[in-house]
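Contents: one structure, followed by commentary.
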Amino acid sequence: MAQHNNVAAANPRYTRADFTALRFRLNRIPTAHILSRVYDEEALQAAGIETPAQLEAWLDAMRDHLVERVCLANPYLSESLADARRFNRWPKTAVDYLVRAADQDFSRPQPDDPVSAWLRPIVFRTLRQEQIQTLAQLHAYIALRGKHWYLPIPRLGVGKARAIERWLQGHAATLGPLVVADDTPQTALVELDPDLARNLVPLEQVGRVVPALDGSQGRNRAPGFCLIAARNDLEAIQAYLYRFRDRDKTARAYQKELERFLLWCVGVRRTALSSVGTDDCERYKDFLAQPDPSWIGPKVPRTSSRWRPFAGVLQAESQRYAVLVLRGFFAWLVGVRYLGGNPWLLVPDPVTARRDVPIAVEKALPGQLWKALVGPDGILDQLCAKWPVSSLGAPLTAKDADAPGAQYRLARAAVLLLGCTGARREEAARALRCHLK
């Protein structure tokens, strides 16, 4: 069966007569009187209403539609309007809020409109499961996740997704332009040049740097024999990261900082990495504190075209870490005679606010309970005393773990070790007797 991709709901058009009829209905005026006194025959024929029951259904649907709009526009009214609808008691203030909606423009969707006002139930009920309530949220959701935004949403296939995109693009005048990035994996290597607008890519996709900025003729290149075979800055970075091939987390952290600096040198400063001086390093510190907005994007796969070097503005601690990594990298380049000097030696670390981490006192045992637990003839001693050492043999070994009383003695040793040394759980778990002093 072909997928039904009609996602847009019929746009309700309310007249002044409809709002007058709704006010009468909320004030419990019989529907027959409303039918005969408010509408003329032409209006009833246009709306397809012939009986009081049909008019009740139309007015109730109109009421629910307006209630949802008002609640999203003013969440403080949600509870009172929900109670009014539940008990069918509509005070004048609640009726006024709904009737005031007559002055709003219902002809074009607005960002704060609920998805239920413009999309069919089969669509908006699915979207609400993903906490998408308004058209603005739907717009942001699609822009954030790219071409395959619909995959995590159940019962929303590619056909409906493309129909929703076309509908949003058709109302760009009020909702804003919809830009759907293509998440097709980018695997081709690129040449890094100052035009980063088209090739802002992670390090593994950089095939080469333009010859004028690749560092092969950098001003800071050391004369004489170099201890590594790197011919340019990109190869020098790769040689440095290769040292951490057996430490994945360290390698990823260092690569992130080095690729940011290389992209900045080529695309922003327009200089080779091996030509930067202390003044360039100072400017990069300023860039870390306030990256260009085009360098910031959501967390996506590194093969995505939406990948960006920063996920947000860096905290002061992260800025300091970046400077430390770069200083260490340049020190290594000097040590292997690739560079003549380290420009980061004269650059101070970014200022960070020192925060005192309070001790989690609420997690500690009260003093009286601690004494009762580990003191002489305390709870642990009493448990261990039930199985004398002579019956267990001394000292305990791994083979004696199932012996009677062995677990109590191990528990006493662990509690005393944690309490008397302040060791962390991980440190205590790896502690060896030969390390105790």
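The values are calculated or read from the model by the stated rules, or taken from the named source; none is laboratory data. These figures come from a predicted structure and were not determined experimentally. Methodologically, a virtual Cβ is constructed for each residue, glycine included, from the backbone with ideal geometry; neighbour enumeration extends over all protein chains shown.
Values as computed for the structure displayed
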{"item": "Condition check for Ser274: over 28 Å from Leu144 (Cα atoms) and of a type outside the set (A, V, I, L, M, F, W, C)", "result": "yes"}
{"item": "Residue that is outside any helix (DSSP H, G or I) and hydrophobic (A, V, I, L, M, F, W, C), where the choices are Ile142, Ile153, Ile122", "result": "Ile153"}
{"item": "Flag if Leu22 is modelled with pLDDT of 70 or more, within 43 Å of the chain's Cα centre (by Cα), within 24 Å of Ala117 (Cβ to Cβ) and not hydroxyl-bearing (Ser, Thr, Tyr)", "result": "no"}
{"item": "Tally, over the range 169-188, of residues that are modelled with pLDDT of 80 or more and loosely packed, with under 12 Cβ neighbours inside 10 Å", "result": "3"}
{"item": "Test: Lys160 is surrounded by 19 or more Cβ atoms within 10 Å (Cβ to Cβ), over 20 Å from Thr174 (Cα atoms), in contact with a His (Cβ under 9 Å, 6 or more places away or on another chain) and modelled with pLDDT of 75 or more", "result": "yes"}
{"item": "Close pairs from the range 121-137: first more than 12 Å from Arg155 (Cβ to Cβ), partner surrounded by fewer than 18 Cβ atoms within 10 Å (Cβ to Cβ), Cβ under 6 Å, at least 6 apart", "result": "Ile132/Tyr141; Thr134/Asp112; Leu135/Pro111; Ala136/Pro111"}
{"item": "Verdict on Leu345 being in contact (Cβ under 8 Å) with a residue 40 or more places away in the chain and more than 30 Å from Gly419 (Cβ to Cβ)", "result": "no"}
{"item": "Verdict on Arg260 being among the basic types (Lys, Arg), surrounded by fewer than 12 Cβ atoms within 10 Å (Cβ to Cβ) and out of contact with any helix residue (DSSP H, G or I) (no Cβ under 7 Å at 6 or more places or on another chain)", "result": "no"}
{"item": "Residue within the range 219-239 that is free of Cβ contacts under 8 Å to residues at least 24 places away in the same chain, acidic (Asp, Glu), surrounded by fewer than 19 Cβ atoms within 10 Å (Cβ to Cβ) and closer than 27 Å to Ala311 by Cα present", "result": "yes"}
{"item": "Residue within the range 42-61 that is closer than 19 Å to Asp113 by Cβ, of a type outside the set (Ser, Thr, Tyr) and modelled with pLDDT of 75 or more present", "result": "yes"}
{"item": "Filter pass, Phe287 being in contact with a strand residue (DSSP E or B) (Cβ under 7 Å, 6 or more places away or on another chain) and either assigned by TED's automatic domain parsing to the domain that holds Ala222 or more than 23 Å from Val209 (Cβ to Cβ) (or both)", "result": "no"}
{"item": "Complete set of residues in the range 288-307 that are surrounded by 17 or more Cβ atoms within 10 Å (Cβ to Cβ) and in a helix (DSSP H, G or I)", "result": "Leu288, Trp295"}
{"item": "Tally, over the range 267-287, of residues that are among the small types (Gly, Ala, Ser) and in a loop (DSSP other than H, G, I, E, B)", "result": "2"}
{"item": "Out of Leu119, Leu189, Leu168, Leu127, sole residue that is in contact with a strand residue (DSSP E or B) (Cβ under 8 Å, 6 or more places away or on another chain) and within 29 Å of Trp295 (Cβ to Cβ)", "result": "Leu189"}
{"item": "Enumeration of residues in the range 332-352 that are hydrophobic (A, V, I, L, M, F, W, C) and surrounded by 14 or more Cβ atoms within 10 Å (Cβ to Cβ)", "result": "Trp332, Leu333, Val334, Val336, Leu339, Trp344, Val347"}
